[in-house]
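Q: To start, I am sharing the structure in question, which I have written as structure tokens.
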Amino acid sequence: MPETEGGGVFVSRGSQLRLKNLSISVLPDGTLIGSPVTLELAYDLWPLWLRIAIVYERMAKEARARLESLSGSHDQRHAAALDDETTAGMVAVAAAVFAVDAFYGSVCTRIDTPPPRGRRSRRYALIAETFKRAFLMSQPSSNALRQHLREAFRFRDKSVHPSGEFRGAVRHPVMRVGVAVPHVAFRVENAQALVTFVISLIEQCAGVPKDRHKNLREWCKGIPPQILELKRLREET
């Protein structure tokens, strides 16, 4: 394991600890001999990404409230509030989808059935298929999940892989004038819908891991308290 300055290891909240190569032998004279032990840590990032999404969802709500409170002709005040809503909404959307990706990564390390590795598979399709193998769900539910993930990643891609092409203006629900597409795509309503979807997705998956995945079932037991904490954070905002 990597050297730690000062010695010792700090196990932070959310960290999972594992002792590897632990072996103890007893000699004929009763002496105990132990092999060198390797201490390993795992740390899931999906709760952090959801926390980021919730914080920026709140900021998008605050920016929208400012925008709605403005009156008179559209000016720099409207522009600033609109930009703030778009910025916060964009981060909330991206962080929510990053949480799905991080959750997927944690699931992959804990299932007995290797996830599909098709080179041409879209990310959302790969995740949907892996969740189908890891968690109990009907075919209609699996199909719906695939479609929802497709839409979620489509929104994420608008921020991560934006197009610089000219496009027609889209009517903003508050300003009631045409604006650039990102101002509508990353508005607060879309951020809220996506954060809600991701929290629900992880919560539901954690409740139905397939029996054959022992490590996954044990890991899922620790998810409900984390979801509850995230919901409380969201209520506070």
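Q: Of these, 168, 222, which one is under 30 Å from residue 73 (Cα atoms) and not β-branched (Val, Ile, Thr)?
A: Sole residue among the options that is under 30 Å from residue 73 (Cα atoms) and not β-branched (Val, Ile, Thr): 168.
Q: Continuing with the same structure: In the stretch 170-209, how many are over 25 Å from residue 231 (Cα atoms) and not in a helix (DSSP H, G or I)?
A: Residues in the stretch 170-209 being over 25 Å from residue 231 (Cα atoms) and not in a helix (DSSP H, G or I): 11 in total.
Q: Suppose we filter 167, 146 for residues that are basic (Lys, Arg), without any contact (Cβ under 8 Å) to a residue 60 or more places away in the chain, more than 17 Å from residue 208 (Cα to Cα) and not in a helix (DSSP H, G or I); which single one remains?
A: 167
Q: Any residue at all in the stretch 121-135 that's assigned to a helix (DSSP H, G or I), in contact with a His (Cβ under 9 Å, 6 or more places away or on another chain) and farther than 26 Å from residue 203 by Cβ?
A: no
Q: Of the residues that sit in the stretch 210-237 and are among the basic types (Lys, Arg) and assigned to a loop (DSSP other than H, G, I, E, B), which one is nearest to the chain's Cα centre (by Cα)?
A: 221
Q: Can I ask one more? Being of a type in the set (Lys, Arg), modelled with pLDDT of 95 or more and closer than 29 Å to residue 70 by Cα is true for just one of 176, 167, 217, 234. Which residue is that?
A: Exactly one of 176, 167, 217, 234 is of a type in the set (Lys, Arg), modelled with pLDDT of 95 or more and closer than 29 Å to residue 70 by Cα, namely 234.
Q: Pick out the one residue from 152, 191, 206, 185 that is over 22 Å from residue 46 (Cα atoms), among the hydrophobic types (A, V, I, L, M, F, W, C) and either in contact (Cβ under 8 Å) with a residue 24 or more places away in the chain or surrounded by 19 or more Cβ atoms within 10 Å (Cβ to Cβ) (or both).
A: 185
Q: Name, by its number, the condition in (1) over 18 Å from residue 47 (Cα atoms); (2) in contact (Cβ under 8 Å) with a residue 24 or more places away in the chain that does not hold for residue 139.
A: Among (1) over 18 Å from residue 47 (Cα atoms); (2) in contact (Cβ under 8 Å) with a residue 24 or more places away in the chain, the lone unmet condition for residue 139 is (2).
Q: Just one of the numbered conditions (1) touching a residue at least 24 places away in the same chain (Cβ under 8 Å); (2) loosely packed, with under 12 Cβ neighbours inside 10 Å is not true of residue 197; which one?
A: Going through the list (1) touching a residue at least 24 places away in the same chain (Cβ under 8 Å); (2) loosely packed, with under 12 Cβ neighbours inside 10 Å, residue 197 breaks only (2).
Q: Within the stretch 84-142, can you find the residues that are loosely packed, with under 15 Cβ neighbours inside 10 Å, modelled with pLDDT of 95 or more and of a type in the set (D, E, K, R)?
A: none
The values are calculated or read from the model by the stated rules, or taken from the named source; none is laboratory data. As the structure is a prediction and not an experimental result, all values here were calculated from the model. Ideal geometry is used to build each Cβ from the backbone, glycine not excepted, and the neighbour counts take in all protein chains shown.
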